[in-house]
Every structure is written in C-alpha cells, then in structure tokens.
1. Go through the range 316-352 and give me each residue that's surrounded by fewer than 16 Cβ atoms within 10 Å (Cβ to Cβ) and either in contact with an Asp or Glu (Cβ under 8 Å, 6 or more places away or on another chain) or farther than 24 Å from residue 183 by Cβ (or both).
2. Looking at the range 95-112, which of its residues are modelled with pLDDT of 90 or more and surrounded by 19 or more Cβ atoms within 10 Å (Cβ to Cβ)?
3. Inside the range 65-82, can you point out the residues that are without any contact (Cβ under 8 Å) to a residue 40 or more places away in the chain and assigned to a helix (DSSP H, G or I)?
4. Out of the residues in the range 70-94 that are of a type outside the set (A, V, I, L, M) and open to solvent by 10 Å² or more (accessible area, probe 1.4 Å), which is farthest from residue 221 (Cα to Cα)?
5. Say whether the condition of being touching a Phe, Trp or Tyr at 6+ places or on another chain (Cβ under 7 Å) and either open to solvent by 40 Å² or more (accessible area, probe 1.4 Å) or outside the structural domain of residue 48 (by the TED database) (or both) is met by at least one residue in the range 203-220.
6. Could you say whether any residue in the range 259-275 is within 30 Å of residue 244 (Cα to Cα), among the acidic types (Asp, Glu) and either open to solvent by 10 Å² or more (accessible area, probe 1.4 Å) or at pLDDT below 85 (or both)?
7. Residues 456, 486, 421: which one is of a type in the set (Gly, Ala, Ser), more than 29 Å from residue 156 (Cα to Cα), at pLDDT 80 or above and assigned to a helix (DSSP H, G or I)?
Amino acid sequence: MENKQQSNGVIKEIKAVKKKVNWSGSLIIASLTGAFGSSFLYGYNLSVVNAPAVYIKKFYNETWQRRYGFSVDESTLTLLWSITVSIFAIGGLVGAVIVTPIVKFFGRKCTLMLNNVFAVTAALLMSLSLLAGSFEMLILGRIIMGIDAGISLSALPMYLSEISPKEIRGSLGQVTAIFICIGVFTGQVLGLPEIFGQESRWPYLFGAIIVPSLIQVVILPFLPESPRYLLLEKHNTSEAEKAFQRFLGKDDVSHEIEEVLAESRVQRNTKLVSILQLLRTRAVRWQVVTVVVTMGCYQLCGLNAIWYYTNNIFSEAGISHDTIPYVTLSTGAVETLAAVFSGLVIERLGRRPLLIGGFGLMIVFFSVLTVSLTLQNTVHWLPYLSIFCILAIIASFCIGPGGIPFVLTGEFFQQSQRPAAFMIAGTVNWLSNFAVGLLFPFIQAGLQTYCFLVFAGICFAGAAYLFFVLPETKNKTFHEISQAFAKRNKVTLEMQEMNHYPAERKSSAEQESDFTSSVDNGETKKGIV
C-alpha cells in the first residue's frame, strides 16, 4: 500500500514537472528580438511595395523618359514592376543557399546580428533611389533585402528551435509566423495616405527598415548563443551551461546538459551533413520530402499572390480606390490575430490538425471566391462576399500553413543535419516565392476570375499528402519523430541510428550501463530538443 502511494506520488510529480514550462525573460526577449529584426522585416517587405505601387511605376516612367526621351511602354513597365516585386525572392534564394556555412562558423545568434548589414544596405539603396533618380537602386535594394530575408528565415527558426523546451517548441516556433504577420500589417499601416503612402514620402517606407535592424543589433549581444550549438558544434560546456541557465530560468540545468552531451558523445566524430549526404540518407528520406511539400505549398498556396496584388484584387471586387488602403489594412489585422491564435493552440491541438485543416479551409474559400468574382456583376452584395473570402483565406493560412513548416523543419532533423535541411527548405521556399510573384499577373490575365482554382488545387494536393504522410510531432523528441517515419522510410530503428550517427556507435554494454545509471539516479530527464 505504501509502495503504491509512493508510486502515485512519483507519477504526480512527473506530471507536474511536465506541465511546468519555464518562460524565462531571456527566452522571451531572445525570441521577440530575433523575430523583430528578422521575420518581421520579411513580412514588411512583402506588403510595403503594395501601397506606393502607382508612385513607383510613375517614378520608373519618369526616369525612363528622362534618359531615353520617350515614355516606357505598358508591357515593359509591367515587366519592370514584376521584376521589382519578384526579385526579392531571388535574393532570398541566395540567402538560403549561403546560410549553412554562416551559421556553422558564426553561430545562430551572431548570424542574425551580422545579417543586419544586408538590411541596412538595402534600406539605404531603396530609400535614396528617388533622390538619385535611379530605379536600379530600388531593384538592387530589393535583391539585397531578399538575401537578408533568406538568411533570417533559416537562422531564426533554427535558433528558436534550439533554445526552446520541447513542451513549448511549437508555440515559440510560431513567433516566426506571428512577426511575419505583424510585419505585413505594419507595412500596410505605414503605407496609408495619411502616413507614407504619398508620392513624396514613399521612400520613407523603405528607410523604416533600419529601425528593427538597429534594435536587434543593440539587444542581441546581451543574449546567449544557442546552447545546443555551443555544446554540439563548439564543445563549450561552460558557456552552454550558462546559456541553458538563462533560457530556462533556473540554476540546475544538469539534466539538460547531460541530455545534449549524450547526443554530443554520439556525434563526436560526425561532421556537418551536406545537402547531398542528407538527400542520400534513407532514414530521413520522407522527412525531406515532407519539408519540400510543406514549404512548396507554403508559397504556392496563393497567399503571396494576394499580398502582392491585393489592390488589384479588391479593385476587381468593386471596392473604390479611396477605400482600398483601409480594406487592405483589415487583411493584415486578421492575419496577425490568426497567427497569434495558432501560437496559443498549437501545443494543444498539434501540428497535423492545424496544417491539414488550414489547407482544407483555404480550398473551400478559394472556390467560393472564384464563384463570387465571376458573378459579382450580377448581384450587388457579391463584392463583399469576395472580401470575406479573402479575409477567410488569410486566416486559414495563418492558423496552420503560415508558420508550422518552419517548426517542422527544426523538429525533423538532428543537429548535424539541421543546417542542410533548412537550406533545402529555404531553396524550395524562395524558388516558389519567385514563381508566384513573377507568374501570377500573367495567370490572372489568362484565367481571370478562375485563377484561384489553381491555388485551390495546390492546397488540396498538400492537404492530401500531409493526411497520409505527416505524423504528429507535438511534445516528441527527435528520436520519437524519427521512429514515426521509420516504417515509411523502410528502415529499422537500429538502421536509423547507423544512418544518423555513422561515425560512432555505442556498444550494448555501454547502453546498458547508461540505462542502469539513469535508473539508479531515479531522475526523469527533460530538456531542449
């Protein structure tokens, strides 16, 4: 009877430990500061070109006329504008490709800090382009800003996934998506006619980019580097212990240190995995495919098309030109609220329901939007239904597909594979982004109101794939997630470990010794994964 009571007491204690999650001040500040100077700027640069589009095109035409003595034709102007919008993604692709050696050499935190050099340079080029009379400066600034975004959208989720306890890994990972939404909303607010949405003030929209960059540069140096990076790649136990203490808000981090050191002992002779090595590793084959599918759908599902060409879509819906900036503002507000909601419920509902449900809702509202836009001239209230559908599509996207792909990429792979995985994810992300930005105007011109059915089809394909392939990763360690994919990858758990850690294997005696030691200690180990 006494043993039973003790057993129940231990179970209750373990449950209490599991429920207790330390949101330390350093953890909160690191996530907010990192996101403000990174994913915030990505979202801001998605929407900031929308409000001053008319004035920028006029600037292009005047510059062309001053140089060559005649006005630019409509098709060339459309091409120049499409390049200005979509070239941001080419820069993002470059940033995604170069991020792996940068995070390896400088670390996650220092990469975020150094990345602000690109942001400040881009801000100066774009904000001074009107004064210099050079639209090439604006285009070049967009490329450089894209490089900044490409690096930050890989380095930031990597940093957040490595500093967060697994119990809040999803919620903290959603900070990336939440600040993307806040950035979009901020770009819309500053683009209002009462602020910077005027012909003489549009350069200030690009100059404002400097502010988040400077704030990040000032605050980040006082925060720790990723403890997992310090232990597994720099082998600096003392600094890693200090980082754990600050991020977890407690002095005793022996459990966390020992857990990561166990992985470090296994990976001691394992170098950083290259993209080719990762693609050849059978044990993570379906994880890679899943990352490619989720990142591809993240961009190709049609939301960026709505952001890039919101004014045109609302104009087609029958909204007056003077009202459009304020209606557009509502889209950013809805996006932000939906992303915050997702961050609050992701650890309760899980990744899988939010992703599949989000894509499913987008299919429904894209279909209704197509019907509404097609018949809007026959019924006077249909334009308002179109607006509702656009807001519903945005909310559906932000509930799941808008942020979870970044979380999954950090969860699927071990430390040595993570940079290569983020490079693959970033490459798919930015190539898809470029394709949408460049091709959507022509798709819209060719298919008219039926163009959104293309995106509905992509959402359906993504939802179907995730339904059959994606396991739930909520509160699971890397090894548990790997085991969930083992059958589909057609490998045993032992083969998985050989693939993950080819350089060194523990003997059965060592494993038994470790197990006995942990049982003797009578402690439950819980840490950052």
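The values are calculated or read from the model by the stated rules, or taken from the named source; none is laboratory data. Quick caveat: nothing in here was measured; it's all calculated off a predicted structure. Counting neighbours? That spans all protein chains shown, and the Cβs are built from the backbone with ideal geometry, glycine included. Ligands, DNA and RNA are stripped out before the accessible areas are found, and what is left, the full protein with its side chains, is counted by its heavy atoms. Shrake-Rupley method; radii C 1.70, N 1.55, O 1.52, S 1.80 Å.
1. 318, 320, 321, 322, 348
2. Once the filter is applied, which keeps residues that are modelled with pLDDT of 90 or more and surrounded by 19 or more Cβ atoms within 10 Å (Cβ to Cβ), the range 95-112 yields 95, 96, 99, 102, 103, 107, 108, 109, 111, 112.
3. Matches in the range 65-82: 65, 67, 68, 74, 75, 76, 77, 79, 81.
4. Selected residue: 70.
5. yes
6. yes
7. Details: 486 fails: more than 29 Å from residue 156 (Cα to Cα); 421 fails: more than 29 Å from residue 156 (Cα to Cα).
Exactly one of 456, 486, 421 is of a type in the set (Gly, Ala, Ser), more than 29 Å from residue 156 (Cα to Cα), at pLDDT 80 or above and assigned to a helix (DSSP H, G or I), namely 456.
Quick grid of which residues meet (1) surrounded by 13 or more Cβ atoms within 10 Å (Cβ to Cβ); (2) modelled with pLDDT of 90 or more; (3) touching a strand residue (DSSP E or B) at 6+ places or on another chain (Cβ under 6 Å):
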{"residue": "433", "(1), (2), (3)": "yes, no, no"}
{"residue": "450", "(1), (2), (3)": "yes, no, no"}
{"residue": "466", "(1), (2), (3)": "yes, yes, no"}
{"residue": "491", "(1), (2), (3)": "yes, no, no"}
{"residue": "504", "(1), (2), (3)": "no, no, no"}
